[in-house]
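Just so it is clear, none of the values below were taken in a lab; they were calculated from the coordinates. As the structure is a computational prediction, the values presented were derived from the model and not from experiment. Virtual Cβ from ideal backbone geometry, glycine too; neighbours counted across all protein chains shown.
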2 protein chains.
Amino acid sequence: MRKALEMACQGAAIGEVPVGAIIVKEGMVLARAHNQREHTNDPTAHAELIAIRVAASSIGDWRLIDTTLYVTLEPCSMCSGAIVLARIPRVVYATSDPKAGAAGTLFNLLQDKRLNHQVDVTQGVLAAESSRLLKSFFRDRRS
Amino acid sequence: MRKALEMACQGAAIGEVPVGAIIVKEGMVLARAHNQREHTNDPTAHAELIAIRVAASSIGDWRLIDTTLYVTLEPCSMCSGAIVLARIPRVVYATSDPKAGAAGTLFNLLQDKRLNHQVDVTQGVLAAESSRLLKSFFRDRRS
């Protein structure tokens, strides 16, 4: 999660909402990403979605078996849906998202038994650091 | 929707699950896509997500204001989330998806008042044709 926070900081430095994600398989980092929506004009360019695409490309398989995705903010509906589609078995996130969180807050798409894949979810890891980074970013942007 | 079905057929011809999507703005087609998961090894390569990325790139804005997305199958959670993120105002889909549909069947992410954008949804347009195409694809794949 420390590496994911570093990615989030890199995003903040260029004016992107500071969310970072890392995908790890057997101790090896397959992908690291931060939000890129503003720089790419791509509404799907969330850290998790980018990391999933990079990780799948790096192993040449759309199934991200035996991986863990670490992300500094609770995934939204799009990213939670992508996590399920990619069969990621474990997600660790830092702070929850009261506005759009789909991994337990507004929805719980990662653990819905009607879908064909469920995810082991851990939350709260380095939550204070991530929350502080997000608040500071939005405070600076308003001022 | 006829154009979206043509895209779905193109997908089927190369072994992809036959789902097609078109994004239209003021009568002009901004993007057309079919599923590409198998060929790209990208778990996020659903027709809608690809079309959204192409459309945003073509207009240079992540907000797809005044657009309509036509898709031959009810969007999943990932694609519904992306539709909300891209602020697409209207979605028309052909047939519903009992296994993963997130635009009214399993979830209704497009019209959830807690999110910061709601979508006008029309369903059932050329539903029989789309359903027939999907069933035929999966029947052929099993045989």
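Structure data summary
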{"read-out": "Gap separating the Cα centres of segment B:1-71 and segment A:93-114, nearest whole Å", "value": "27"}
{"read-out": "At 7 Å out from Cα toward Cβ: A:Glu26 inter-copy label distances (nm, ascending)", "value": "5.4"}
{"read-out": "Cβ-vector label at 7 Å, B:Ile59, separations to other copies in nm", "value": "3.7"}
{"read-out": "Antiparallel DSSP beta bridges within the protein assembly as shown, as percent of all bridges there, nearest 5", "value": "55"}
{"read-out": "Chain B shape via C-alpha gyration tensor axes, a/c threshold 1.5", "value": "prolate"}
{"read-out": "A:Arg139/A:His39 FRET efficiency (R0 22 Å; Cβ-Cβ; nearest 0.05)", "value": "0.55"}
{"read-out": "Unit charges on C-beta of K, R, D, E only; dipole of the protein assembly as shown, Debye", "value": "260"}
{"read-out": "7 Å along Cα→Cβ, label-point gaps from B:Thr105 to other copies, nm, shortest first", "value": "2.9"}
{"read-out": "Within segment A:62-86: backbone nitrogen closer than 17 Å to the A:Thr122 label point (7 Å, Cα to C-beta)", "value": "A:66-75"}
